Amino acid sequence: MFFVASLPRTRTNWLAQYFNGIPGVTCYHELLNGLHTKQAFYDAMEAPGQIGNSDSGLFLTDFQQRWPEAPTLIVMRPLEDIYASLCAFFEEQGHPRPSMAFLVDQQRAVDKLTGLRIQYSELDRRLPDIHQYFGIPYKREYADMMVEINLQISVLTTDIDSYKLWGAF
């Protein structure tokens, strides 16, 4: 079991797809969206096999208390860059700009998590370190191929119910 926790627009989707391409690994992206109970989250993560979740909402949950031994990658990106990317994305989707204050609160919560912290700009170069940390074999050819792919979420996927479920509101 492993986790990737960060704010939005930090390649959580790409990381989930990357790890899903490795035989024997299942990595959810934004697993929290659409779940109606905390137990559904626990059950999905505790399924047999090498399971991961790459999610910008993990800071809402009790995942590090429930699974203290599970490695957590924390992707760090300057808040100003995240905000600019989110504003551009929201504009494309026809939504109002997000709240910078909300992002600041999210960042404070992410800062409290423990794990391997890697800068957003260093993800490609640090893939061997991430593999070692997660205990997943590294294949350079596969990594090189995936680095060339730029996956980004094309629609807004945040589910406000997941915030309510975990008591964030």
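Among the residues making up region 34-53, those that are surrounded by fewer than 22 Cβ atoms within 10 Å (Cβ to Cβ) and closer than 15 Å to residue 4 by Cα are 45, 50, 51.
Being buried (at least 18 other Cβ atoms within 10 Å of the Cβ), under 21 Å from residue 10 (Cβ atoms) and of a type in the set (Asp, Glu): is that true of residue 105 here? In short, no.
Looking across 100, 76, 146, one residue alone is closer than 16 Å to residue 14 by Cα, surrounded by 13 or more Cβ atoms within 10 Å (Cβ to Cβ) and at pLDDT below 95. It is 146.
Every condition in (1) over 22 Å from residue 138 (Cβ atoms); (2) more than 14 Å from the chain's Cα centre (by Cα) is met by residue 31 except one, and the failing one is (2).
So in region 92-126, with the set limited to residues that are touching a residue at least 60 places away in the same chain (Cβ under 8 Å) and out of contact with any strand residue (DSSP E or B) (no Cβ under 9 Å at 6 or more places or on another chain), which one is farthest from residue 60 (Cα to Cα)? Steps first, please.
Here is the first cut: in region 92-126, the residues touching a residue at least 60 places away in the same chain (Cβ under 8 Å) are 93, 95, 103, 106-107, 110, 113, 115, 120, 123.
Checking the rest, the ones that are also out of contact with any strand residue (DSSP E or B) (no Cβ under 9 Å at 6 or more places or on another chain) come to 93, 95, 103, 106-107.
On the way: 93: 25, 95: 23, 103: 13, 106: 9, 107: 11 Å.
This residue is 93.
Per this entry, residue 56 is counted among residues that are within 20 Å of residue 133 (Cβ to Cβ), surrounded by 15 or more Cβ atoms within 10 Å (Cβ to Cβ), in contact with a Pro (Cβ under 8 Å, 6 or more places away or on another chain) and not aliphatic (A, V, I, L, M). Applying the criterion of at least 3 residues that are polar (S, T, N, Q) to the helices (runs of 4 or more DSSP H) found wholly in region 23-102 leaves an empty list. Taken residue by residue, region 114-121 has at least one member that is surrounded by 15 or more Cβ atoms within 10 Å (Cβ to Cβ), on the phi > 0 side of the Ramachandran plot, at pLDDT 90 or above and under 18 Å from the mean Cα position of the chain (by Cα).
The values are calculated or read from the model by the stated rules, or taken from the named source; none is laboratory data. Given the structure is predicted, the values throughout are model-derived calculations rather than measurements. Note that each Cβ is placed from the backbone with ideal geometry, even for glycine, and that neighbours are counted across all protein chains shown.
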